[in-house]
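Trainee: Sharing a structure below in structure tokens format, with a few things to ask.
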Amino acid sequence: AHRRVAGSLREPFERLVDAGLRLNQIRSAAVLHAFLIDKATELSGAERVLLVLDSAGAGPPPSRLSAPSGGSEQGELGGHLSAGAGPQLAGSMLPRGESAPDLLRAVTPWLDEARRTRAVSLRHGPEGAAPRDQRSCLIAPLVAQRELLGFLYCDIEGAFGRFQDADRDLLAMLAAQAAVALAHLRFAEGLAQQVAERTAQLEQRVGELALINSIQQAMAAEMNFQAIVDLVGDKLREVFNTGGLTIVWWDEATQLMHSPYKVERGVRIDVAPQRPNLEGRMFKTLASKRPVVANNRAEMAAWGLHAVEGTQPSLATAMVSFSSGDRVLGGVVLDNHERENAFGEAEVRLLSTVAASMGVALENARLIGETREALLRQTATAEVLRVLGSSMTDTQPVFDAIVSHCGALLGDSRVVLWLAEGGQLRARASNGGLPFEPVAIDHQSPIGACVSDMGLLHLPDLAQAAERYPLLRQLGLKSGFHSGLYAPLLHDGRAVGGLAVLRREAGAFDAHDDSLLRMFADQAVIAIQNVRLFNETQEALERQTATTNVLKAISRSTFDLTAVLDTLISTAARLCHAWMGVIFRIDGDFCHAAGLFGATPALIEHLQAHPISLRDQAAVTSRAVAAGHAVQVEDATDSQKYGRGDVQQVGGYRTLLAVPILRVGVAIGVLTLGRQEVRPFNEKEIELVTSFADQAAIAMENVRLFNETKEALEQQTATAEVLQVIGSSVADAAPVFDKILESCQRLFSIEQLGIFLL
């Protein structure tokens, strides 16, 4: 009766045409499904209508449809199923109290049959029952362009009517129109979804490109390697909102991975260079320019990843490499310490895109930095060499240039140059004027240990090293320095000093810093050796000149020993930087002053009034005669080392050197030199004084021989004169006696002589 009333409203064909027009105007899947249920009910007069879709492509079904007129309500839809998951309810119209899923399960075999035949089917059941007791069922497949989209199911109890072939044809046409409408709607919604997805992708890509562009612009404006690394690292941490990010740099020469940028849990940290497993899966993957993603600990273990010393293990890691040409330069590592599965395709794509633009920028910055650094080093070296060339007699200008240029090239560091002097290290130059006291060459201080061990010493954290080097607290920490680098000054297998570099921030020095410090240390050694060689040459020339002058004096003054000895002692004192000098002649058991230089009148008077006895072993002259070689007293005010305090108080000397003047191994005199300050004579000075003592022996021996020869000649002349008088005065003895008295008076310097005859 309901179907008949519905059919009386308008002709079926007109209603079908109207339905087709309405279907093609609907742009919502939910509205389309509801309209199709209503039209199927209206055209067929069915009690029950199911709209079953064979895929999710036609759009998501509504959760509830409004109840149509006639006292029935539409049941709840089955859950949204993914494509290919089988039939699913998109809409229904059922009498109250009935279940759409139950009905769907009951008619599923008929739907399967319609899927095979793709034809509208009409059946009445149960078979053999009276028409009034049967139920008429219509199943129309929804097919568009040979694609099965779903089914329309209608049924009606015999008490309310019975479907005929005309109803089947009418539902078939409605199903055909509905299939086209569903296909169009699915295409439109799929296209809209694709547009939305593409728009989202484009927006994401635009954002990525904007980020990359900002990074590239910043990299182009910044030519400093570390500045670019810091810029990229900070930007990526901001974009990925992560507290763990590392930028590594591959040093192919040393086969080490450096980490110029590493942040862990939001804190910037320093880690030592690492030596990777070159044959490992991770390294080979990154070397082939493919990303490595490990979203949990198991995946990390599979990749061979582990936390390096000084860091904490993460829960997820993503890393990509960056390169220049075919050469891999390093990589960027994202770490998440809070959760697993933190990195997906989007993060890896963005990270890879940024990394791709990093390689060239970093390589250019590195090359520019190396070129700039090489130029600065070359300029600094040229300046130091210029100072070297103009300071052949003085190392101080060279030392000042070294600490100045070294400090500037090593990032405004404090540089101190130490020299080994007298078993200690003394600060000889500093670019900061720190008042360092002398330190021992031992392990109480870093510079002492460096010189003692003759090796480079690197202390990235002075506070941690303070227990090992107790003097660090006053040699750095007290002045606010927190890292240090120390290099010895080496020459001929021994350390002659050291260079110390101090920084206010803690952290490691790199290989470039090491090589730079070694270069300046070598230049300091060159300066020391240049001055030493120049001074030795000058000293040798001065000694040669002095020796020549002394020998000339000896040759010209064979009869004037005092003048020769005065020349000799003054030359020796001047060459050995002595304050005073005395040459003693030995006469019997006493030493008498014969040659003087710089001695005060009081000392001269004291020496003349109190000749030094050779038996007095408290006197350094007596000890030198007894020893037969040079004897030195470093401090004559020390009564335990020098027992002639009376002479020392008059002379005012502190350091005293005595060298015996030997003739055939026998002492004939002593050459002494004194200094007002406590400054011992070195080996070269003692050797020089010994050579002057030998020359004094020659002079004294020459005078002795000359005097002996002169005396013998005078005696021979006197004898000849007497014999001549004897020969000419045979008869008179008086002329002979007069000549004898004259000769004796001349030879022996006697004023009154007489000859008595018995």
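The values are calculated or read from the model by the stated rules, or taken from the named source; none is laboratory data. What you are looking at is a predicted structure, and each value in this text was computed from that prediction instead of being measured. Here the Cβ positions follow ideal geometry from the backbone for every residue, glycine too, while neighbour counts run over all protein chains shown. Each accessible area value is taken on the protein alone, full model and side chains, heavy atoms only, with ligands, DNA and RNA left out. Shrake-Rupley method; radii C 1.70, N 1.55, O 1.52, S 1.80 Å.
Trainee: Within region 517-533, how many residues turn out to be closer than 24 Å to R372 by Cβ and touching a strand residue (DSSP E or B) at 6+ places or on another chain (Cβ under 9 Å)?
Mentor: So the answer is 5.
Trainee: Provide a single number: the residues in region 37-49 that are crowded, with 24+ Cβ neighbours inside 10 Å, over 14 Å from R135 (Cβ atoms) and either modelled with pLDDT of 90 or more or of a type in the set (S, T, N, Q) (or both).
Mentor: The number of residues fulfilling the criteria is 0.
Trainee: Pick from region 402-425 the residues that are touching a Leu at 6+ places or on another chain (Cβ under 6 Å) and assigned to a strand (DSSP E or B): which of them is surrounded by the most Cβ atoms within 10 Å (Cβ to Cβ)?
Mentor: Top of the filtered list is W418.
Let's see how each residue does on (1) at pLDDT 90 or above; (2) out of contact with any helix residue (DSSP H, G or I) (no Cβ under 9 Å at 6 or more places or on another chain); (3) exposed (fewer than 15 other Cβ atoms within 10 Å of the Cβ); (4) of a type in the set (S, T, Y):
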| site | (1), (2), (3), (4) |
| --- | --- |
| G433 | no, yes, yes, no |
| A465 | no, no, no, no |
| A487 | yes, no, no, no |
| L517 | no, no, no, no |
| A524 | no, no, no, no |
| R532 | no, yes, yes, no |
| Q538 | no, yes, yes, no |
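Trainee: Follow-up. Considering only region 111-131, I want to know if a residue exists there that is within 16 Å of P87 (Cβ to Cβ), open to solvent by less than 20 Å² (accessible area, probe 1.4 Å) and not basic (K, R).
Mentor: yes
Trainee: Taking the criterion of being within 23 Å of the chain's Cα centre (by Cα) and within 13 Å of F520 (Cα to Cα), would at least one residue in region 489-496 satisfy it?
Mentor: Restricting attention to region 489-496, the residues satisfying the condition of being within 23 Å of the chain's Cα centre (by Cα) are 489.
So of that shortlist, the ones also within 13 Å of F520 (Cα to Cα) come out as 489.
Looking through region 489-496, at least one residue is within 23 Å of the chain's Cα centre (by Cα) and within 13 Å of F520 (Cα to Cα).
Trainee: For region 591-683, which fully contained strands (runs of 3 or more DSSP E) count at least 2 residues that are of a type outside the set (G, A, S) and open to solvent by 30 Å² or more (accessible area, probe 1.4 Å)?
Mentor: Counting at least 2 such residues, we get 655-663.
Trainee: Also, quick follow-up: If you go through region 68-82 one residue at a time, do you hit one that is modelled with pLDDT of 90 or more and open to solvent by less than 50 Å² (accessible area, probe 1.4 Å)?
Mentor: No.
Trainee: Sticking with this structure for a sec: Kindly establish whether T379 is in a helix (DSSP H, G or I), open to solvent by 70 Å² or more (accessible area, probe 1.4 Å) and either of a type in the set (S, T, Y) or modelled with pLDDT of 75 or more (or both). Don't jump to the end; show me each part of the working.
Mentor: Values: in a helix (DSSP H, G or I): yes; open to solvent by 70 Å² or more (accessible area, probe 1.4 Å): yes; either of a type in the set (S, T, Y) or modelled with pLDDT of 75 or more (or both): yes.
In short, yes.
Trainee: Suppose we keep only residues that are in a loop (DSSP other than H, G, I, E, B) and open to solvent by 30 Å² or more (accessible area, probe 1.4 Å) within region 467-481. Which one would you say is modelled with the highest pLDDT?
Mentor: Of everything passing the filter in region 467-481, R468 is modelled with the highest pLDDT.
Trainee: Then there's this: State all residues of region 340-357 that are without any contact (Cβ under 8 Å) to a residue 40 or more places away in the chain and under 12 Å from A294 (Cα atoms); if no residue qualifies, say none.
Mentor: Within region 340-357, just G344 meets the criteria.
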